[in-house]
Structure formats: C-alpha cells, structure tokens
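Undergrad: Here it is, the structure, as structure tokens.
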Amino acid sequence: MIPVQRVAVTERLARLCHNRTEKIRELGATSKAAGDEWGRAEAAKSEIRALLERMAPGVQRCMYCLDNMGTDIDHFEPKSRAPLRTFCWHNHLLACSRCNSNFKREEYPCDEETGECLLIDPSTDDPANHLELLLALGEYEGKTRKGEESIRVFGLNREDLVLGRLDAYITSCDVLNSWHRKVKNGDLAGAAQSATALRREPFGDVLRALETLGRLPYATAALGDELAESLSVWLRTPQPDAAAGRPHTVPPSRSASPDHRRVGP
Ligand SMILES: [Zn+2]
C-alpha cells in the first residue's frame, strides 16, 4: 500500500450525498436503508468513482493491493456498521473486486480499548508507518497491530501479490537503470517515457520501497553501485505524477529498515 491524496469533493456531489444521507436518516438509519439508497444512487456513485479514479495509484489501481484495476467503490467503514457514513466522501476508496468482495468484505476490526480502527486507510495513514515491504521476498511484515490486521484483512501476502511484487522489483530496477542511462546520454524524451512507464506500473509500493532505500546512507551497499546511483539521480529529479498532475514527491518514511540483508533478490 502507498498513500493516496484525497481530492476535494465537488459541490454537486456534496449536495447529492447530503440528500441521500438525510433520506437514510429519515428511514431510521438502518443497514437496509443504507443499502437501498446506495443501490439507487447512480448519479452520486458515478461521480464518486470518477473522483476516486483520479486519486488512484498507477492506472486506476486498487488502493489496497495496487495490482488489479480498481472496479469497486469500497466503504472503508462498512455500510452495515455505519449507515450514515454510506455517502461520506471520506469513507470511499477504490478497490478491486477481489480485495473488496473476497478479502475485506464487512471486516472493520477495532482496538478493544480505544475503539481505533485497526485497518490502514491510505488516504489518511502513511502505510509505511505500519507496514514494511520486504523486497527480496515480495511480502509485507507488520510493524504495528494496525499493519498486521491490514495484512490479514486485505490479504496483502496472498500468493499472486507476492509473485507480482517480485516481478515488479526486477522490472523497476531495470527501468530505473535504463532511465538513468537515457538521462546521461541526453535522451530526455526517452527518459521521460521510461519515467512515465515506471510510475504507471502496478505495485507502486515496490517503487516506493526502492525510493526509501535509495535515501539511506548505506544505499550503495544494499542496492549495488548502478542502482543506487540511478535512484540517487531519480530522487533528485522532479517528476510530475501522471495520474494526478501533482509533483512526484515521496515523504521520507520513518520506517526505513536498517537491515539491508532484506534487500535484493
Ligand atoms: Zn485489490
């Protein structure tokens, strides 16, 4: 998982959502009322989906697995648990049907004492504070209870995702080195194409983990001379985010692991 930046809701959508929420309230704020109103709210859903697609990593990827296309509007806090949040913009994320219907479903674990939700919301949490991606294994390791519960509920270590991350690791290293060679040779158009391709790849978490490693003082020892140098130049080069048109910046992670034995295939 990687952070996603929530865009501002439009006035029209805010009005549509307010009206639907008031209707659910009139009907007793039950789970059934929430489901019925959601089922018939085609205009609101169309607008919510369009906004979520603008926020989604890569090419409209699922915000949980970063692999499949995001096809579903997920209610982060399920409608059945919070009927009045059914039309809350801050409760909507874009998910693939596998993450949404086969894994997360109606789960919403909370801390028994504080009531805090124990799932990572990538629009409000930095996943790197709760999860560490072990690039050499393609697997996530929980750093906090929220991280561990997120791995379990979203199925982040399922086999297809682990294999996909391992492939993405190889591909990302190759493309980063290719990008750097083009920059050095003055082929700026070719370099821009490589950069765009890399940012659009599924598994944006692999690139982000590489960027985090590239900032560490022992990056060369961990990654090798060529890749460490490519990453160093990559990190100093401002790059537009193709999906959202915002600057390509990755906040330094507090989670950088000092264990470089975990790096590399
Ligand atoms: Zn997914």
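Just so it is clear, none of the values below were taken in a lab; they were calculated from the coordinates. Note that the structure is a prediction, hence the values are computed from the model and not measured. Because the Cβ atoms are built from the backbone with ideal geometry, glycine has one as well, and the counts that use them run over all protein chains shown.
Undergrad: Tell me which residues, restricted to region 130-150, are surrounded by fewer than 23 Cβ atoms within 10 Å (Cβ to Cβ) and part of a helix (DSSP H, G or I). Lay out the reasoning, then the answer.
TA: Restricting attention to region 130-150, the residues satisfying the condition of being surrounded by fewer than 23 Cβ atoms within 10 Å (Cβ to Cβ) are 132, 134, 136-139, 141-146, 148-149.
The answer is R145, K146, E148, E149.
Undergrad: Determine which single condition T114 fails, assuming it passes every other condition in (1) surrounded by fewer than 23 Cβ atoms within 10 Å (Cβ to Cβ); (2) within 13 Å of the ligand (Cβ to nearest atom).
TA: In the conditions (1) surrounded by fewer than 23 Cβ atoms within 10 Å (Cβ to Cβ); (2) within 13 Å of the ligand (Cβ to nearest atom), T114 misses (2) alone.
Undergrad: Looking at (1) surrounded by 19 or more Cβ atoms within 10 Å (Cβ to Cβ); (2) over 30 Å from L198 (Cβ atoms), which one does R61 not meet, given that it meets all the others?
TA: Answer for R61: the failing condition is (2).
Undergrad: Then there's this: If the Cβ limit is 8 Å and pairs must be 6+ apart or interchain, which residue in region 146-175 that is within 13 Å of G204 (Cα to Cα) pairs with which residue that is part of a helix (DSSP H, G or I) and not hydrophobic (A, V, I, L, M, F, W, C)?
TA: Here the result reads R165/D205, each pair linking region 146-175 to a residue that is part of a helix (DSSP H, G or I) and not hydrophobic (A, V, I, L, M, F, W, C).
Undergrad: Moving on to the next point. Which of (1) within 16 Å of the ligand (Cβ to nearest atom); (2) more than 15 Å from the chain's Cα centre (by Cα) does L198 not meet, given it meets every other one?
TA: All conditions are met except number (1).
Undergrad: Mind listing whichever residues of region 181-207 are assigned to a loop (DSSP other than H, G, I, E, B) and closer than 21 Å to L156 by Cβ?
TA: Step one: of region 181-207, the residues assigned to a loop (DSSP other than H, G, I, E, B) are 185-187, 201-203.
Of everything in region 181-207, those that are assigned to a loop (DSSP other than H, G, I, E, B) and closer than 21 Å to L156 by Cβ turn out to be E201, P202, F203.
Undergrad: Now a separate question. Would you confirm, using the coordinates I've provided, whether T171 is surrounded by 14 or more Cβ atoms within 10 Å (Cβ to Cβ), closer than 24 Å to N68 by Cβ and either touching a strand residue (DSSP E or B) at 6+ places or on another chain (Cβ under 8 Å) or polar (S, T, N, Q) (or both)?
TA: On the way: surrounded by 14 or more Cβ atoms within 10 Å (Cβ to Cβ): yes; closer than 24 Å to N68 by Cβ: yes; either touching a strand residue (DSSP E or B) at 6+ places or on another chain (Cβ under 8 Å) or polar (S, T, N, Q) (or both): yes.
The answer is yes for T171.
Undergrad: Return the only residue of P127, P122, P109 being under 28 Å from T212 (Cβ atoms), surrounded by 14 or more Cβ atoms within 10 Å (Cβ to Cβ) and over 15 Å from the mean Cα position of the chain (by Cα). Before you say what the answer is, go through the steps one by one.
TA: Working: P127 fails: over 15 Å from the mean Cα position of the chain (by Cα); P122 fails: over 15 Å from the mean Cα position of the chain (by Cα).
Just a single option satisfies the conditions, and that option is P109.
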